[in-house]
Each structure stands twice: as C-alpha cells, then as structure tokens.
1. For the stretch 149-167, which positions are in contact with a Leu (Cβ under 6 Å, 6 or more places away or on another chain) and among the β-branched types (V, I, T)?
2. Determine, yes or no, whether D109 is touching a helix residue (DSSP H, G or I) at 6+ places or on another chain (Cβ under 9 Å), assigned to a helix (DSSP H, G or I) and closer than 25 Å to L26 by Cα.
3. Please determine, by comparing only the residues of the stretch 51-91 that are in a helix (DSSP H, G or I) and aliphatic (A, V, I, L, M), which one is farthest from W170 (Cα to Cα).
4. Can you name the residue in the stretch 26-77 that is under 17 Å from the mean Cα position of the chain (by Cα), over 18 Å from L96 (Cα atoms) and aliphatic (A, V, I, L, M) and, of all such residues, is surrounded by the fewest Cβ atoms within 10 Å (Cβ to Cβ)?
5. Listed residues A133, A98, A114, A94; which is within 15 Å of the chain's Cα centre (by Cα), under 15 Å from S36 (Cα atoms), part of a helix (DSSP H, G or I) and at pLDDT 95 or above?
6. In the stretch 150-178, how many are in contact (Cβ under 8 Å) with a residue 24 or more places away in the chain, over 17 Å from R64 (Cα atoms) and surrounded by fewer than 17 Cβ atoms within 10 Å (Cβ to Cβ)?
7. Within 24 Å of T53 (Cα to Cα) and aliphatic (A, V, I, L, M): which single residue out of A114, A143, A128, A182 fits that description?
Amino acid sequence: MKKTFALFASLCCLGLLSLPASADTLQLVSVGGASSGGVYIYPYNFSINGSSTLAPLMCIDYSREITFGETWQVTSNNLALDSSVASTDYRADAWLYAQLSTGKYSNSDIQFAAWSILDPSGVANNSAFDATAQNLASMAEVAAQNSTLIASGFFSGFTLYQPTSDQTGWTDGIPQEFIGAAQTPEPSSLILLGSGVTGLVGAVRRKVRA
C-alpha cells in the first residue's frame, strides 16, 4: 500500500510541475513617463487579470504597437532552458530585465538592448541604441548561454507574456511581448491547489483500503 501511495504522490508532483502555461489577461494602464529615441521605454505598467496592483513589465518587441487601455489575452510562460535561438533570445531579455534593478545601466540602454535581441533591424537606426546598449545586448546573449547560470535556476525567476491567437481587444495589430518577474500564485489559488491534492490523496487511500 505504501509503495502504491508513494508512486501516486510522485506522479502527482510530476503532473503539477508539468502544468501548461497559464492564460491571463493583460491591460496596459500606464507607462513610467519616460521616453527615449522617440518611444516609451520601461516600465510599462499592467493590470494582470484585473488586479489593482500593477506589474511593471518590459517590452521586448520594438515594432509592434499597443495603446493605453488595450486588453488582450496572453499565455504566461516560464523560460525554456534549451539551446534553440528563440529560447536563448528570451533568456537574454530576462537577463537584461534583471539589470534594471542593479542601477549599473540606464533604463534606456537596457530597453534598447532588449529590443535589439528580437528586432535588431528595428532599432539599428535609432540613436538611443548606442554603444552601451549594443554592448549590453552582446553581454545578454553570452549570459543566456551560460550553463552555470542556467543550472543555478536564475531564469526561473521570470515570466514571459506572449499574445494568444485570440484577437479580442487588439487595436493595433499583434500586441507586443513582455517580460517580468515570475508571478507569485495568489494565496487562494494555493489553498485550492492544496485542497485538490488532499482530495485526490484521500480518494486513493479509500480505494486502496476498500
């Protein structure tokens, strides 16, 4: 009986770890007030699923357009750790997002470095994409492939927000992608998750004893 229960518990944990990306609703509420090179830069302040607590996110698609008040559906994804170009680029942007809190670089240089990762041609002729931003972009690409940094769990601290194919609420073509600190589950969600697992465990015990 104990082996059966232990096996079930292990499978349960594996299932929880492999849950698909969650679906969320983003609404652009405001920006930090700064602009550089003729465009707004970090922070973009968002309401996630109608929350009154705004999340400061960094835009990573230079060429896409959004408007204030626009709402759209996104998938909230963890960063992949494989060696594909797309996964490496997103990790590079995550590394750049982390630099915002260090005070070593300006928000403008970090923002333009991040934009250059996915859209190098878009920022190539913008004067704000200066030597510092270019150097930052190169450093980010190296960090994104650093096996020690990957193994440390550093990249688990970020969430990538990508628009779904549901075009409800779109006003200016495909919304931009954003990156930010990893979402913390709501206490109520944790309670529901815990009670759900407890219920499953109880059901298995009753079935084994029957």
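The values are calculated or read from the model by the stated rules, or taken from the named source; none is laboratory data. From a predicted model like this one, the values you see are computed outputs, not experimental measurements. All Cβ positions, glycine included, derive from the backbone under ideal geometry; neighbour counts span all protein chains shown.
1. Of everything in the stretch 149-167, just one residue is in contact with a Leu (Cβ under 6 Å, 6 or more places away or on another chain) and among the β-branched types (V, I, T), namely I150.
2. no
3. By that ranking, first place goes to V85.
4. Here the residue is L54.
5. A114
6. Result for the stretch 150-178: 2.
7. Answer to the selection: A182.
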